[in-house]
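Okay, structure first, notes after.
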Amino acid sequence: MSLNNAIIKALNWRYAVKKFDSEKKLNNLQIDLLKEAFNLTPTSYGLQPIRMKVISDESLKVKLKQAAFDQIQITTCSHVLVICHQTDFGTKDINHFTALKIALMPDKKDEIFEYGELLKSRFAVKSEKDITLWAREQAFIALGNLLTVCAIESIDACPISGFIPDEVNKILDLDDLHLNSVALLPVGYRAIDDAHQFDPKIRRSLSDIII
């Protein structure tokens with residue numbers, strides 16, 4: 001594959017933005033695209049134990065910034081994508097998944113029902129801690145997917161895990177929704193005076209990292 005490949009170029013272009021241009025905003029079509037990309041993220045068994053909240057309200061962004069150790073990306077960006085995982089994943093979610101599949105493939109109703117029962121048996125033997133870890137891992141798959149989509153669409157982003165989840169959960173009433181915040185993803189456009197955009201991308205050589 002040529003190193004001039006458009007996707008490779010986009011991935012080389014992206015970096016973790018340190019300062020956004022607060023005057024530039026993403027439009028509704030761009031936000032809708034990121035929502036669709038999140039929904040299409042692959043997850044284990046296709047069960048989607050993840051959710052995303054899109055924040056554009058400036059007063060909420062100020063509160064989130066305080067919960068994220070005053071990182072300015074949160075208040076200078078266009079939108080903050082808050083990626084969460086469920087804290088109450090269980091049988092009800094597997095039943096919902098099964099119902100969705102049967103509605104789309106009614107001719108395979110028996111096969112899908114049996115698969116749903118298999119999933120229930122597998123999760124029944126998992127501890128609450130293991131299910132939480134599993135759900136959290138799916139959230140990070142979504143984060144990676146969104147970063148790639150942002151790069152391809154020339155949308156700047158900065159993944160942030162340095163924040164206090166309990167405070168973010170409280171600000172956004174996530175506990176009431178049985179959700180826990182995992183990552184914040186400010187998106188928008190880089191500021192012209194963000195000098196980090198000119199830093200070289202530091203990566204191991206392919207021979208070192210591909211074993």
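A short reminder: the numbers here are calculations on the coordinates, not readings from a lab. Note that the structure is predicted; figures quoted are calculated from it, not measured. Heads up, the Cβs are rebuilt from the backbone with ideal geometry, glycines too, and the neighbour counts pull from every protein chain shown.
Numerical summary
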{"quantity": "Residues (among the aromatic types (Phe, Trp, Tyr) and touching a strand residue (DSSP E or B) at 6+ places or on another chain (Cβ under 8 Å)) located in the stretch 125-166", "calculated": "Phe140, Phe163"}
{"quantity": "Single condition Phe89 does not satisfy, out of (1) outside any loop (DSSP other than H, G, I, E, B); (2) surrounded by 12 or more Cβ atoms within 10 Å (Cβ to Cβ)", "calculated": "(1)"}
{"quantity": "Residue match in the stretch 112-124 (condition: assigned to a helix (DSSP H, G or I) and touching a strand residue (DSSP E or B) at 6+ places or on another chain (Cβ under 6 Å))", "calculated": "no"}
{"quantity": "Search result, residues across the stretch 27-54 that are outside any helix (DSSP H, G or I) and either touching a Gly at 6+ places or on another chain (Cβ under 6 Å) or basic (Lys, Arg) (or both)", "calculated": "Arg51, Lys53"}
{"quantity": "Those residues of the stretch 120-145 which are touching a Phe, Trp or Tyr at 6+ places or on another chain (Cβ under 9 Å), surrounded by 12 or more Cβ atoms within 10 Å (Cβ to Cβ) and not aromatic (Phe, Trp, Tyr), in sequence order", "calculated": "Lys126, Ile131, Thr132, Ala135, Ala142, Asn145"}
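Condition check ((1) touching a residue at least 60 places away in the same chain (Cβ under 8 Å); (2) over 24 Å from Lys25 (Cβ atoms)) across all residues:
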position: Asp110; (1), (2): no, yes
position: Glu114; (1), (2): no, yes
position: Phe123; (1), (2): no, yes
position: Trp134; (1), (2): yes, yes
position: Glu137; (1), (2): yes, yes
position: Phe140; (1), (2): no, yes
position: Ala151; (1), (2): yes, no
position: Ser161; (1), (2): no, yes
